[in-house]
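Engineer: Sharing a structure, written as structure tokens. Questions coming.
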Amino acid sequence: MLLDGYIIAQAIRAEIKAELQKLAPTVRRPSLACVLTTKNPASAAYVKSKVKACHEVGIESQVLHLEPRSIKELLDCIEELNKDPAVDGILIQLPLPPGIPLLEVLEKIDPSKDVDGFHPLNAGKVLLQDPTAFNPCTPLGIKVLLERYGIECSGKHVVILGRSTIVGRPLATLLMQDAPGCNATVTVAHSRSKNLKELTCSADIIVAAMGQAKKIGADYIKEGAVVVDVGINRVEDASSKSGYKLVGDVDFENVKDKCFAITPVPGGVGPMTIAMLLKNTLKSYYLRYV
């Protein structure tokens with residue numbers, strides 16, 4: 001079974017759009033502010049796709065192009081957005097320019113507007129299972145994708161390959177919660193984990209988030225497992241106009257016939273991440289305004 005994130009994300013966008021259309025014409029719309037700090041083409045493309053998604057569902061958005069020469073410039077910008085009552089969500093597009101400490105920037109964002117879910121306060125709230133917490137968008141998107149396809153996590157062994165603060169760690173925290181769609185037994189593996197194949201072959205659900213193109217082959221999974229591929233890797237492809245193609249951390253062609261379900265790359269987790277950004281912005285709007 002193909003876990004098509006694009007189809008599910010489109011359904012979620014339609015739900016958000018329908019919900020916002022029920023608001024009275026005089027009521028302020030939810031609003032997202034995106035801060036772009038570099039001229040990185042990939043970052044600009046990501047922000048453009050997020051703004052487009054906002055427009056499609058009826059969420060207002062703005063992009064602040066800022067090339068800070070010091071961290072103070074960026075922190076001052078964030079403080080203005082924190083104070084703006086018309087802004088519900090603040091997104092700082094990563095990566096940041098060299099020399100600007102990420103944690104200091106994340107800590108500056110008002111936790112009630114932290115729709116990326118990266119503020120330490122929200123990380124703690126997720127750990128404590130506080131319903132007001134903002135879950136990071138990619139882990140939340142993975143959970144929702146599995147739920148929408150009827151894939152049960154309760155009692156299942158989930159092996160997460162990768163321990164990043166954006167995917168691996170928060171996903172483990174989320175899936176271990178005592179809540180619907182969770183209650184999993186979670187193992188987090190990383191670059192220093194031993195007997196990796198032994199771990200992954202014991203998994204009912206594998207989440208690959210290592211950043212290594214086609215690392216996970218058929219010999220890494222057991223028959224009937226569910227495979228979620230978070231990897232986005234560029235590899236050379238002479239047949240493509242761009243000279244490259246996007247592949248995941250999973251060798252899709254060799255794995256697809258052995259597993260029960262698998263996400264494609266692209267079109268799997270990526271669309272879900274943006275859909276969850278919209279959901280978090282709407283959540284912030286309701287918590288702060290309605």
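Engineer: Roughly how far apart, in whole Å, are the Cα centres of region 1-75 and region 111-139?
Structural biologist: Comparing the Cα centres of region 1-75 and region 111-139, I get a distance of 18 Å.
Engineer: For a Förster distance of 30 Å, can you work out the FRET efficiency between the beta-carbons of residue 245 and residue 55, rounded to the nearest 0.05?
Structural biologist: Values: r = 28 Å, r/R0 = 0.94.
Here the calculated transfer efficiency is 0.60.
Engineer: Can you return the lysines within cross-link range of residue 194? Criterion is Cα-Cα under 16 Å, with same-chain partners fewer than 8 residues away left out.
Structural biologist: Answer for residue 194, where 16 Å is the Cα cut-off: 215, listed by chain and number.
Engineer: Looking only at region 157-178, which residues have a backbone nitrogen under 19 Å from a spot 7 Å from the Cα of residue 192 in the C-beta direction?
Structural biologist: 160-166, 168-170
Engineer: Determine the gain in length on full extension of the stretch residue 104-residue 129; use 0.36 nm per residue of separation and subtract their C-alpha separation, reporting nm with one decimal.
Structural biologist: Details: separation 25, 0.36 × 25 = 9.00 nm, distance 2.44 nm.
Difference between extended and current length: 6.6 nm.
Engineer: Could you check the simple spin-label distance between residue 286 and residue 83, using points 7 Å along Cα→Cβ, in nm with one decimal?
Structural biologist: Here the answer is 3.1 nm between the modelled labels.
Engineer: Okay, moving on. Apply the a/c threshold of 1.5 to the C-alpha gyration tensor of region 196-290 and tell me whether it is rounded, prolate or oblate. List each step's numbers first, then the result.
Structural biologist: Details: a/c = 2.87, a/b = 1.42, b/c = 2.02.
Oblate, since a/c reaches 1.5 and b/c is not below a/b.
Engineer: With the contact rule set at Cα under 8 Å and sequence spacing of 6 or more, what percent relative contact order holds for region 153-246? Walk me through the intermediate numbers first.
Structural biologist: Working: 169 pairs, mean separation 24.7, N = 94.
26 percent.
Engineer: Also, quick follow-up: Where does helix 269-288 land angle-wise versus the long Cα axis of the chain, in degrees 0 to 90, nearest 10?
Structural biologist: 40 degrees
Engineer: What shape does region 1-56 take by its C-alpha gyration tensor, where a ≥ b ≥ c are the square roots of the eigenvalues and a/c under 1.5 counts as rounded, a/b above b/c as prolate, and the rest as oblate? Walk me through the numbers on the way to the answer.
Structural biologist: On the way: a/c = 4.18, a/b = 1.16, b/c = 3.59.
Cα axes put region 1-56 in the oblate bin.
Engineer: Taking the Cα centre of region 96-192 as the origin, how large is its charge dipole in debye, to the nearest 20, when only Lys and Arg (+1) and Asp and Glu (-1) carry charge on their Cβ atoms?
Structural biologist: Details: 9 positive and 9 negative charges, 63 e Å.
With only Lys, Arg, Asp and Glu charged at Cβ, the dipole is about 300 debye.
Engineer: While we're here: What does the extension gain come out to for residue 23 and residue 152, with contour length at 0.36 nm per residue minus their alpha carbon separation? Write out the running numbers ahead of the final one.
Structural biologist: Numbers: separation 129, 0.36 × 129 = 46.44 nm, distance 3.41 nm.
Result for the pair: 43.0 nm of gain on full extension.
Engineer: Percent of accessible area on region 1-97 owned by carbon and sulfur, 1.4 Å probe?
Structural biologist: Details: 2940 of 5050 Å².
Roughly 58 percent, rounded to a whole number.
Engineer: Among 232, 266, 285, flag the residue with its Cα farthest along the positive direction of the charge dipole of region 216-290, charges on Cβ as +1 for Lys/Arg and -1 for Asp/Glu.
Structural biologist: Value: 285.
Engineer: Apply 1/(1 + (r/R0)^6) to the Cβ-Cβ distance of residue 72 and residue 256, taking R0 = 45 Å, and write down the FRET efficiency to the nearest 0.05. Write out the running numbers ahead of the final one.
Structural biologist: Numbers: r = 50 Å, r/R0 = 1.11.
Step by step, r from the Cβ atoms, then E = 0.35.
Engineer: Calculate the dipole size of the chain relative to its Cα centre from +1 charges on Lys and Arg beta carbons and -1 charges on Asp and Glu beta carbons; express the result in debye to the nearest 20. Before the final figure, lay out each step's value.
Structural biologist: Details: 34 positive and 32 negative charges, 41 e Å.
Taking the Cα centre of the chain as origin, the dipole is about 200 debye.
Engineer: Send over the Kirkwood Rh of the chain, from the inverse of the averaged 1/r over different Cα pairs, rounded to one decimal Å. Can you show the working numbers first?
Structural biologist: On the way: mean 1/r = 0.0505 Å⁻¹.
It works out to 19.8 Å.
Engineer: Okay, next question. For the chain, what's the relative contact order in percent, using C-alpha pairs closer than 8 Å and at least 6 residues apart?
Structural biologist: Working: 557 pairs, mean separation 58.6, N = 290.
About 20 percent, as a whole number.
Engineer: So, for the chain, what is the accessible surface per residue at a probe of 1.4 Å, expressed in square angstrom?
Structural biologist: On the way: 13990 Å² over 290 residues.
Counting only protein heavy atoms, the per-residue value for the chain is 48 Å².
The values are calculated or read from the model by the stated rules, or taken from the named source; none is laboratory data. Computed from a predicted model, the values in this text were never measured in an experiment. Heads up, the Cβs are rebuilt from the backbone with ideal geometry, glycines too, and the neighbour counts pull from every protein chain shown. When the accessible area is computed, the model is the full protein with side chains, heavy atoms only, and any ligands, DNA or RNA have been set aside. Shrake-Rupley method; radii C 1.70, N 1.55, O 1.52, S 1.80 Å.
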